[in-house]
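A.B. asks: The structure is given below, and queries will be raised subsequently.
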């Protein structure tokens, strides 16, 4: 079973959850799967190899160590790096901490329209439509995706820095009052983790 798990974790191009791994190896006991995966992770750490097993996006995936990012970046130099504008970053931060919410609610917090930023985030699969608000017109509601967790190296949304730790910048321009008092502080997301060109994950 362990060797099968090692093969699956080595070849996957996305994080695999305990449930998925259990299904793939034909085992119902997910606790045993978790134990085996953690054993693999510990053994890789102890071996001090150039790659490791990380817990991300509610699953596990192989990745290179951060200190080798410069070498991996050279290998994938021809691939575009994901870059977000300030507007897209702010919009993503608001959605990450206040989800689910509508475009109008995001605009109320930011004080400006977010159509272009939202389209960018949807295109990059960092946010998705998660439902409709049961109000007049039933507007779409947005939330983050597993790709968002993977990109920022988070196991779950619970790993986001505490919202209470953020405060609005003193010199920030005043905008339309947000729906919630604490929404005036637009928190910054954790530093993005290296992508395929920085921390290579097995193809």
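The values are calculated or read from the model by the stated rules, or taken from the named source; none is laboratory data. Worth saying up front: this structure is predicted, and the values here are computed from it rather than measured. Neighbour counts run over all protein chains shown; Cβ positions are idealised from the backbone, glycine included.
A.B. asks: Please determine, by comparing only the residues of segment 91-122 that are more than 22 Å from residue 151 (Cα to Cα) and not in a helix (DSSP H, G or I), which one is modelled with the highest pLDDT.
C.D. replies: 102
A.B. asks: Being under 28 Å from residue 59 (Cβ atoms) and in contact with a helix residue (DSSP H, G or I) (Cβ under 8 Å, 6 or more places away or on another chain) is the filter here; which residues of segment 130-149 pass it?
C.D. replies: Filtering segment 130-149 down to residues under 28 Å from residue 59 (Cβ atoms) leaves 130-131, 140-149.
Matches in segment 130-149: 140, 142, 143, 144, 148, 149.
A.B. asks: Any chance segment 29-39 includes a residue that's free of Cβ contacts under 8 Å to residues at least 60 places away in the same chain, surrounded by 13 or more Cβ atoms within 10 Å (Cβ to Cβ) and part of a loop (DSSP other than H, G, I, E, B)?
C.D. replies: The answer is no, given that none of the residues of segment 29-39 is free of Cβ contacts under 8 Å to residues at least 60 places away in the same chain, surrounded by 13 or more Cβ atoms within 10 Å (Cβ to Cβ) and part of a loop (DSSP other than H, G, I, E, B).
A.B. asks: Report the residue count in segment 153-174 for those that are part of a loop (DSSP other than H, G, I, E, B) and at pLDDT 70 or above.
C.D. replies: 7
A.B. asks: Which is in contact (Cβ under 8 Å) with a residue 40 or more places away in the chain, part of a loop (DSSP other than H, G, I, E, B) and under 20 Å from residue 14 (Cα atoms), of 79, 125?
C.D. replies: 79
A.B. asks: Among the residues of segment 61-74, is there at least one that is modelled with pLDDT under 90, in a helix (DSSP H, G or I), closer than 22 Å to residue 149 by Cα and touching a strand residue (DSSP E or B) at 6+ places or on another chain (Cβ under 7 Å)?
C.D. replies: Yes, some residue in segment 61-74 is modelled with pLDDT under 90, in a helix (DSSP H, G or I), closer than 22 Å to residue 149 by Cα and touching a strand residue (DSSP E or B) at 6+ places or on another chain (Cβ under 7 Å).
A.B. asks: A follow-up question, please. Is it true that residue 130 is at pLDDT 90 or above, part of a strand (DSSP E or B), under 20 Å from the mean Cα position of the chain (by Cα) and outside the structural domain of residue 7 (by TED's automatic domain parsing)?
C.D. replies: yes
A.B. asks: Here's another thing I want to ask about it. Could you tell me whether residue 24 is more than 24 Å from residue 144 (Cβ to Cβ) and surrounded by fewer than 17 Cβ atoms within 10 Å (Cβ to Cβ)?
C.D. replies: Yes, satisfied.
A.B. asks: Follow-up question, since we're still on this one. Would you confirm whether any residue within segment 83-90 is farther than 17 Å from residue 155 by Cα, within 17 Å of the chain's Cα centre (by Cα), touching a residue at least 60 places away in the same chain (Cβ under 8 Å) and not in a strand (DSSP E or B)?
C.D. replies: Yes, the conditions are met somewhere in segment 83-90.
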